[in-house]
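The values are calculated or read from the model by the stated rules, or taken from the named source; none is laboratory data. If you're wondering where the values come from, they're calculated on a predicted model, not measured in any experiment. Every residue, glycine among them, receives a Cβ derived from its backbone with ideal geometry; neighbour counts consider all protein chains shown. These accessible areas exclude ligands, DNA and RNA; they are computed on the full protein's heavy atoms, side chains included. Shrake-Rupley method; radii C 1.70, N 1.55, O 1.52, S 1.80 Å.
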Amino acid sequence: MNVCIIGEGLSALSLAKNLINKKINVHYYHKSENGNFSSNRTIGISKSNLEFFKEKIFQISKNNYWKINKIEIYTDKIDTENLLKFENDNNDLFYVIKNDKLLKSLNSNLIKSKLFKKIILKKDINEESLNKKKYDLIINCDASNFLAKKYFTKKISKNYHNLAYTTILKHKKIENYTATQIFTKQGPIAFLPISNTETSVVYSIDIKNKKFDNNDVIDLINKNNTKYKINKIDKLNSFELSSSNLRNYHHKNILAFGDMLHRVHPLAGQGFNMTIRDLKILSKIIEDKIELGLQLDSLVLDEFEKKTKDKNFVFSKAIDLIYESFNLDKKVQNKSFTKILKSIGKNKNLNNYFIKLADTGINF
């Protein structure tokens, strides 16, 4: 069996490793020679997704991820009473890992396999040349190539008019297992520990009415930080924020995957987790086909779409609703939404439900 994966990044490499573990030949087409390893971005991986990742994709070393056992959510100022607090006495809530660390580990492992072949693209992908190679499945993770523009343009999308700024704080050593999110007037800022001396920051800033330069952002980070004695703030990276949901997941034997299927606001840290949940479902469908001795074809992709599209749409809209509710609450200044959240925070059953929802996603 032969599968072609087009694109680069964690979604493409994670999928490639999962398929190779099933003894499937993978041709990996990508544009960047250096693999896009230079990044100060981090990802959060839920407990169940990390277990799946370690079992079905790649055994991540414990030294490469950092456990989070408590989440505190505030509005405006961190020194006020928190709106919500999630914690689990018996289990970690989720884990934080640096993008580049996981990318390098996956890449190093993949290039050792005889089933894996890297092909650097000097120009846009050519559909005719792909068809000549008679791949069973073509999986496209690149939103800018010819296949995306020809077959995957119909989507429900939204521009948040936000820029997400990411950086790493180097600070004095503290016990650092609590993630903090503050809904400021400029937008949500998250402090995500990655060690006792380093913490990742993701700040989504509304730029519709005002522009911010890097110095402004650093000032805002310092203003909203009351926990860490900072020694250094790494270089800021930024990217535009939007949400989207693809209407059609596949065309014949060509599947869109990763961020092409769905993009969500980073306030809940669910983007990569949604992709891993998709991979779980696709992996199981492929395993079942192999066990029955069936060929991989468009029926695999049709089944995958039926099992994931509705769940992904509902989950994406739920994240968007959270963002817009805080945004509206901030504009009208009646704090009704924050009052509702405080009531939820006092209900242990609802707390446990939301912990499970963030861990495993929607099941229906």
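List of remarks:
- Put simply, the convex hull of the Cα atoms in segment 225-271 casts, on average, a shadow of 5.4 nm².
- Square roots of 5 times each gyration tensor eigenvalue, C-alpha, segment 80-211, largest first, Å: 38, 24, 15
- Pairs spanning more than 19 Å between alpha-carbon atoms, out of Lys170/Lys235; Lys23/Lys123; Lys54/Lys317: Lys23/Lys123; Lys54/Lys317.
- Hits among aspartates and glutamates - C-alpha to C-alpha of Lys155 under 13 Å, sequence gap 8 or more where chains match: Asp259
- Given Lys67/Lys227; Lys31/Lys117; Lys85/Lys356; Lys154/Lys356; Lys17/Lys104, the pairs whose alpha carbons are separated by over 22 Å: Lys154/Lys356
- Nearest-20 debye value, segment 93-216 charge dipole, Cβ charges on Lys, Arg, Asp, Glu: 500
- Counting only protein heavy atoms and using a 1.4 Å probe, the accessible area of Thr166 comes to about 10 Å².
- Mean accessible surface per residue for segment 233-302, computed with a 1.4 Å probe while every protein chain stays in place, in Å²: 41
- Between 0 and 90°, nearest 10: helix 298-332 axis offset from the chain longest Cα axis: 20
- Fluctuation leader among Gly345, Gly271, Gly258 - the chain, Gaussian network, Cα springs under 10 angstrom: Gly345
- For Asn140, distant residues with modelled amide H under 5 Å away: Ile6, Leu255, Ala256, Phe257
- The chain: most fluctuating residue of Ala179, Ala12, Ala148 per GNM, C-alpha cutoff 10 Å: Ala148
- Here the accessible area of the chain is 48 percent carbon and sulfur, with a 1.4 angstrom probe and all protein chains present.
- Highest mobility in the GNM of the chain, judged by mean-square fluctuation with C-alpha springs under 10 Å and restricted to Phe152, Phe116, Phe239, is found for Phe239.
- The dipole here belongs to the chain: it is taken about the Cα centre, uses +1 on the Cβ of Lys and Arg and -1 on the Cβ of Asp and Glu, and is about 300 debye.
- Solvent exposure, largest accessible area first (probe 1.4 Å, DNA, RNA and ligands not counted), of His27, His161: His161, His27
- Relative contact order computed over the chain (Cα-Cα under 8 Å; 6+ residues apart), in percent: 20
- Cα shape, the chain, gyration tensor, a/c 1.5 rule: prolate
- Degrees, to the nearest 10: 10-20 long Cα axis against longest axis of the chain: 40
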